[in-house]
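The values are calculated or read from the model by the stated rules, or taken from the named source; none is laboratory data. Only a predicted model underlies this, so the values are computations on that prediction, with no experimental measurement involved. Backbone-built Cβ (ideal geometry, glycine too); neighbour counts: all protein chains shown. Just so you know, the surface numbers come from the protein's heavy atoms only, side chains and all, with ligands and any DNA or RNA stripped out. Shrake-Rupley method; radii C 1.70, N 1.55, O 1.52, S 1.80 Å.
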Amino acid sequence: MKMFLSGNEAVARGAWEAGVNVVSAYPGTPSTEILENLGKYKEIYAELATNEKVGLEVAAGASFAGARALTCMKHVGLNVAADPLFSMAYIGARGGFVVVSADDPGMHSSQNEQDNRYYAKMAKIPCLEPSDSQECLEMAKLAFDLSEKFDTPVLLRLTTRISHSKGVVETGERKEHKPTGYVKDVAKNITIPAHARKMHVKVEERLKKLAEYGESFSYNKIEPGDQKLGIITSGISYQYAKDIFPTASYLKLALTFPLPGKKISEFINSADEIYVIEENDTFLEEQIKALGYKVSGKCAYEKEITGKTKIPIVGELDPTVLAKAFGLQKESPYKPLELPARPPVLCPGCPHRGVFYALNKLKLTVTGDIGCYTLGMMDPLNAMDTVVCMGGSVTAAMGLEKALGPEMAQKTVAVIGDSTFFHSGITGLVDMVYNNSKGTAIILDNRITAMTGHQENPGTGKTLQGQDAPIIELEPLVRSCGVKHVQLIDPLDLKQTEAAIKEAINNPGVSVIIAKSPCILIEKKFKPALKVDEDKCIGCKICLKLGCPAISFDKVKKKSKIDPIFCIGCEVCASLCPKQAMGHK
Amino acid sequence: MKTVNILICGVGGQGVLLAGDIIAETAIASGFDAKKSEVHGMAQRGGSVVSHVRFGQKVNSPLIRQGEADVILSFEEMETARYLQFLKAGGCLIINRQQVIPMSVATGQAEYPVDVVERIKQQVKDILLCPGMELAEKSGSAKAVNTVLLGALARKLELAPGKWQEVISRRVPAKTVELNKKAFESGYSQQ
Ligand SMILES: Cc1ncc(C[n+]2csc(CCOP(=O)(O)OP(=O)(O)O)c2C)c(N)n1
């Protein structure tokens, strides 16, 4: 059947067709829809993991059982899951074991632009790179076969434009895979040094076999064309290159680690000029150039290779950038106009807003974390000082205190979302208590993982499929970590919020505030929009400090104005207005 | 046939992404290859949103190259200008008459370029200004703005109106099929 699928949907479909049995993953843009779609198939056990390391380990356990297993994550998620990945690279895969990494060139919703193909190289496992949705489906299937054939985890590497572009896909049927069962084999499955030394030998042999396999692998494909220009490329870059250089000859690589050296040198020798076209880092270029260096008299080819001397390393590649790099882009006839930016903002009625309003008012140093609430850094709330990585807020606050003393703790607050706290905030909090720190953490408990599109988490009482699950309650959890000073607040109540923060920073030990109020987009219990009574409004602009997209200022009338389309009636502005000008009339 | 490139832009929550799906699916239902690309994640949070749709015999890149969009379908006046460089020489603009105020303007740090449509008119000849909200309300719901705009777009493309209606009926909530048909017609009759 033909379907119009995104790369993520196609990966999910391919894994399903391959008979995948167990899936465990933590959401992260641009990977999230892979898990969400796998969760819809009743033949598969699929779950929301607490974090990426957990996801990879659960999938590894399933592979021990001879099941086909998959985990998926955004690129930085693999940093969290790197530890088990490297061990599994030694242990191998009894049941097909696929790790999907969705990288984010251009950083549409990420903190960095890391190229996870290097993980494949460092862990010495194969890396597959599909170039459209059809190949996403086919390679997701093939990854399981490769994994079992070569006894290795396989890295299926996507990028934002692969994950989130849609294309026409020819789908197939599911071929059931029955887990072959657990077999005790300590020499294979226990990575003590004595075993691992032998495993490493096998890993090196495996790499050689994989490189040989790549020489005849049908997806490492030569597309003959004009001999003057030969282009070596992979993934989405192939599609851009085809638009800009339609007549060139191509070597389109799909197994991008380990590389097929012979095939590459033959291709290079068959064309007059060679371009290596890839996004961000020089992953292919470095390896291909290495083939051309004379090492003890051996050299695969002697030719100039053009790659990152022309194509930018920084930022997302696209047809325009590629054309510009080679001087092929015509000047636009249209003159750009100067426009105000339109960055994302906290939604009207978002419960995070109350906390950030208070933090801004109290002029505290805020170590931040990753989630919708990172938007608390934006004007006019302006209430965030650092963001490192998921879980990095609590620990950064602690480091500030250890460096500058308890006075710093009185001026510092860490903010962390509920999903992020479960992901990697707990260990930091334990460290604070254990090492006698003084400090305050606010858990922004909006009862959901909002940023990535509203997934359930261990605190929400629902599984991936929406079935009931035990709720891990934050308050007893925090108390059992040894925190004595715990306050529960409603962040939409500005007075209570401010008072709780003042109390917490003046407490001598570790304090936690749980700011509990559900994300406005999950329950959608919107109340009627408020109106500004223009007779009462004195134009003091205090309400504008909330940074609510529904409130603006009429410069002519010198009055605040509420947009009835956006306002959901949370009444936070009304509670702030000194003249009670906001109301329902 | 040359690949047809349509860039759709607007603000998160306006229905840009669904419109992109419907265009691509209509092209596929008409026998073409199609690709579509957009970025999720922040789309719900009121940011600037763009979707690229391409269809033809065989489509490679899911992204449109600057200077190659045949049509820009813009849901918001100022956003049109943000993507103007994508329009090909002689290309067509369809602009929904709506202004959504960004935060920097609401707080008084920046000005909304109120004359933005006039300034675009000085540069682009082929422009259709569409009172999307008004037509959507007349059809029965303010939420059908994106269907009105699809109607306006359909007139510029050589895909059969019946195919559009077929895909729209499949993609909108069952209760709203009739209303969306009306919305599509009212957009289609705009010139
Ligand atoms: C290691 C890692 N995994 C995943 C992500 C993607 N991601 C960003 S924020 C977020 C979850 C935020 O949820 P929560 O902490 O509950 O905050 P909310 O968005 O609900 O305010 C996720 C999964 C990431 N940035 N880093």
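Would you point out which residue out of A:Pro491, A:Pro476 is of a type outside the set (A, V, I, L, M) and assigned to a loop (DSSP other than H, G, I, E, B)? Even if it seems obvious, please write down each step before you answer.
On the way: A:Pro476 fails: assigned to a loop (DSSP other than H, G, I, E, B).
Of A:Pro491, A:Pro476, the one residue that is of a type outside the set (A, V, I, L, M) and assigned to a loop (DSSP other than H, G, I, E, B) is A:Pro491.
For the range A:320-345, which residues satisfy the criterion of being touching a Lys or Arg at 6+ places or on another chain (Cβ under 8 Å), away from every other protein chain (no Cβ under 12 Å) and surrounded by fewer than 19 Cβ atoms within 10 Å (Cβ to Cβ)?
Scanning the range A:320-345 gives a single hit, A:Phe326.
Is it true that B:Arg97 is open to solvent by 60 Å² or more (accessible area, probe 1.4 Å) and touching a Cys at 6+ places or on another chain (Cβ under 7 Å)? Give the derivation first.
On the way: open to solvent by 60 Å² or more (accessible area, probe 1.4 Å): yes; touching a Cys at 6+ places or on another chain (Cβ under 7 Å): yes.
So B:Arg97 fits the description; yes.
Only one of A:Ala550, A:Ala504 is farther than 29 Å from A:Met398 by Cβ, among the aliphatic types (A, V, I, L, M) and open to solvent by less than 20 Å² (accessible area, probe 1.4 Å). Can you tell me which?
None of the others qualify; the one that does is A:Ala550.
Yes/no per residue for (1) in contact (Cβ under 8 Å) with a residue 40 or more places away in the chain; (2) surrounded by fewer than 24 Cβ atoms within 10 Å (Cβ to Cβ):
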{"residue": "B:Leu18", "(1), (2)": "yes, yes"}
{"residue": "B:Ile23", "(1), (2)": "yes, no"}
{"residue": "B:Ile28", "(1), (2)": "no, yes"}
{"residue": "B:Lys35", "(1), (2)": "no, no"}
{"residue": "B:Phe55", "(1), (2)": "yes, no"}
{"residue": "B:Gly67", "(1), (2)": "no, yes"}
{"residue": "B:Leu73", "(1), (2)": "yes, no"}
{"residue": "B:Glu79", "(1), (2)": "yes, no"}
{"residue": "B:Gln85", "(1), (2)": "no, yes"}
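Just the residues that are more than 18 Å from A:Ala15 (Cα to Cα) and either within 16 Å of the ligand (Cβ to nearest atom) or open to solvent by less than 20 Å² (accessible area, probe 1.4 Å) (or both), please, taken from the range A:67-88.
Step one: filter the range A:67-88 for residues more than 18 Å from A:Ala15 (Cα to Cα), giving A:75-88.
A:His75, A:Val76, A:Gly77, A:Leu78, A:Asn79, A:Val80, A:Ala81, A:Ala82, A:Asp83, A:Pro84, A:Leu85, A:Met88, listed by residue number.
Of the numbered conditions (1) aliphatic (A, V, I, L, M); (2) open to solvent by 10 Å² or more (accessible area, probe 1.4 Å); (3) under 22 Å from A:Lys209 (Cβ atoms), A:Leu284 fails exactly one; give the number of that condition.
(2)
Within the bounds of the range A:208-222, is there any residue that is β-branched (Val, Ile, Thr) and either crowded, with 18+ Cβ neighbours inside 10 Å or under 20 Å from A:Ser133 (Cβ atoms) (or both)? If you could, list the steps in order and put the result at the bottom.
Residues of the range A:208-222 that are β-branched (Val, Ile, Thr), as a first pass: A:222.
The next check asks that each one be either crowded, with 18+ Cβ neighbours inside 10 Å or under 20 Å from A:Ser133 (Cβ atoms) (or both); those that pass are none.
The answer is no, given that none of the residues of the range A:208-222 is β-branched (Val, Ile, Thr) and either crowded, with 18+ Cβ neighbours inside 10 Å or under 20 Å from A:Ser133 (Cβ atoms) (or both).
Determine whether the range A:533-542 contains at least one residue that is in contact (Cβ under 8 Å) with a residue 12 or more places away in the chain and under 30 Å from A:Glu456 (Cα atoms).
no
Regarding the range A:387-403, can at least one residue be identified that is open to solvent by 10 Å² or more (accessible area, probe 1.4 Å), at pLDDT 95 or above, within 14 Å of chain B (Cβ to nearest Cβ) and touching an Asp or Glu at 6+ places or on another chain (Cβ under 9 Å)?
No, the range A:387-403 contains no residue that is open to solvent by 10 Å² or more (accessible area, probe 1.4 Å), at pLDDT 95 or above, within 14 Å of chain B (Cβ to nearest Cβ) and touching an Asp or Glu at 6+ places or on another chain (Cβ under 9 Å).
Considering only residues of the range A:346-386 that are of a type in the set (A, V, I, L, M) and within 14 Å of chain B (Cβ to nearest Cβ), which is nearest to the ligand (Cβ to nearest atom)?
That would be A:Ile370.
Taking the condition of being more than 16 Å from the ligand (Cβ to nearest atom) and either in contact with a strand residue (DSSP E or B) (Cβ under 6 Å, 6 or more places away or on another chain) or away from every other protein chain (no Cβ under 14 Å) (or both), how many residues in the range A:37-57 meet it?
Residues flagged as more than 16 Å from the ligand (Cβ to nearest atom) and either in contact with a strand residue (DSSP E or B) (Cβ under 6 Å, 6 or more places away or on another chain) or away from every other protein chain (no Cβ under 14 Å) (or both) within the range A:37-57 amount to 8.
Quick one: which strands (runs of 3 or more DSSP E) sit completely within the range B:7-93 and have at least 1 residues that are among the aromatic types (Phe, Trp, Tyr) and facing chain A (nearest Cβ under 7 Å)?
In the range B:7-93, there are no strands (runs of 3 or more DSSP E) which contain 1 or more residues that are among the aromatic types (Phe, Trp, Tyr) and facing chain A (nearest Cβ under 7 Å).
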